[in-house]
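Everything below concerns the one structure shown next.
What follows draws every value from the coordinates through simple rules; no lab data is involved. What you see is a predicted model; the values in this text were computed from it and never measured. Here Cβ is always computed from backbone atoms with ideal geometry, including for glycine, and neighbour counts include all displayed protein chains.
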Ligand SMILES: Nc1ncnc2c1ncn2[C@@H]1O[C@H](COP(=O)(O)OP(=O)(O)O)[C@@H](O)[C@H]1O
Ligand SMILES: [Mg+2]
């Protein structure tokens, strides 16, 4: 009995759509590329709800005839490829003829288009769930306007996989930025929920990159340039001092198409070797122009990897041109080309009065809700957290009975601190940091700085669950320039960060801190903010670990020494330390105390 069917075009389009269109950002990418391929010099994008409900892309490209407009929604319909050989000469972004068919299969699409050679009316068609609903003549300008509504309306499983609005919009923004950087000749706008996110005039490549990156980025760029028979390399690398703790501003384009390439990335990293601190990443914007037959772009539509025939050669000239550019920059400062300076003007909001920060607390918010599950995974972070007994009540213990603690894992440290009351007890403070006191078996040395870190850490981690940590209002708001990803991350973790004492507003290119955690020393605030940025930009940190990491960063930044005035204060301090469950190690995992046994002491004499 035969069991094999041919899938209907409708079903096969839906399956293909699953591959081509993964999220609203894929729609934006495909439609943007179509507009570029159509020769548009102006493209406007309007997004609602991060593309869930509405995506509109309007271009002034060459448009389509009514027949082409209908054909364009059929699978494998393309004007960009006729013969197999064409595959190796691709100058356009698309060539598979799958995008519109896929978009039409999983959403409700309206298209108005008018071909450049048509005198009369344009043409309007509507597609929904892969079916042509309507076609008629209409009035419109030359070019194409496509509206995509209710993406995945007929594939609920996919719709429910969409992430939060901010995540989905970040994806859209990334797709937009990749096209924008490569096509400085096109005027582009991006609007979300009636807010203008980008308005990029036609400009030179340097200005376009700085328009996308934000204020002051111009002076951070060093040009690179290399022409060979095989390839031309142009673009910019960030000056070494602008290297970032988070990756992100790293862009390769080949023939104006964005791609990722670990091997070429390595070449640039190598050129920066020794010039930037460890664990920081250089920025780069590198444009390759190469004969299309020397690259293989015949890859999956959503993948960004591209294979190069001459990759070893390209590696070495990329390395040398970046090195050369950095070398030149060291001797002579970069010269500005025809650049419009207006975007470097100081921001008008600079001098606004700092306002009293408003702190809202969500009483149902439990930062550790997802943490308990994760404890089963034994990575460093969670074991550090584990040590704190998070999720359990803190178990304070008295100074008198601290040596009775019979915790398997803590046996060693408990022996360290045994004391015999019959000895005369006296505490000494060495260099304002180390406390020396008697223990039963000899002497006990406590690093008061680390001890203080332990206390602050425990206090913070216990306190912030129920109330925001103490926050110090700044006399002058602290403005830190950030890129859009970094700003999104701060906004995305705002409630947690507020609980931890960071109160801030955001602008298009900076975060304006109005108050900072009180524990933070003023001089360390910038480094701490940089580190926190890195933490919150990590993909998969859950709330508990995020708090742990951020508090660790706060603690790393506390250099204050304790000014003990009396012996009593030292005694109290030791007492307090031993009331903490994990008094032997600081939150960064380093020992807080050491003992020297009597035998050790005697053997030294
Ligand atoms: N904005 C547009 N302006 C003009 N023509 C377009 C536009 N979008 C799509 N088309 C036409 O529709 C065809 C199908 O588009 P698509 O499904 O994205 O496939 P591909 O881009 O791979 O050819 C394109 O080849 C092009 O001829
Ligand atoms: Mg296309």
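Rounded if a/c is under 1.5, else prolate if a/b beats b/c, else oblate: with a ≥ b ≥ c from the C-alpha gyration tensor eigenvalues square-rooted, which is segment 9-200? The shape class here is rounded. On the beta carbon distance between residue 202 and residue 91, with R0 = 22 Å, the FRET formula returns roughly 0.60. Put a dot 7 Å past the Cα of residue 8, heading toward its Cβ, do the same for residue 141, and the two dots end up 3.9 nm apart.
Label zone of residue 275 (point 7 Å out along Cα→Cβ, amide N under 12 Å): in segment 216-256 this covers 221-225, 236-243.
You can think of it this way: the chain between residue 161 and residue 523 has 126.0 nm of extra reach, that is 0.36 nm per residue less the Cα-Cα gap. Could you pull out which residues in segment 183-212 have an amide N less than 13 Å from a spot 7 Å beyond the Cα of residue 42, following the Cα-Cβ vector? Label zone hits: 186-189, 200-202.
Shape descriptor for segment 1-95: Rg over Rh equals 1.03 (Cα atoms; Rh from the Kirkwood inverse mean 1/r). Can you tell me the FRET efficiency between residue 324 and residue 476 if r is taken as the Cβ-Cβ distance and R0 is 30 Å, rounded to the nearest 0.05? Once the sixth-power term is evaluated, E becomes 0.10. Stretching the chain fully between residue 600 and residue 126 yields a gain of 161.9 nm (0.36 nm per residue, less the alpha carbon separation). With the cut-off at under 15 Å, measuring from each backbone N in segment 126-161 to a point 7 Å along the Cα-to-Cβ line of residue 119 picks out no residue.
Two numbers describe the Cα atoms of segment 205-344: Rg and Dmax, which are 15.0, 44 Å. Of the peptides 427-433, 151-157, the order by per-residue mean of other Cβ atoms within 10 Å, starting with the highest, comes out as 151-157, 427-433. For residue 149 and residue 585, the FRET efficiency from 1/(1 + (r/R0)^6), where r spans their Cβ atoms and R0 equals 60 Å, is about 0.60. Extension gain, residue 562 to residue 228, is 114.0 nm, computed as 0.36 nm per intervening residue step minus the present C-alpha separation.
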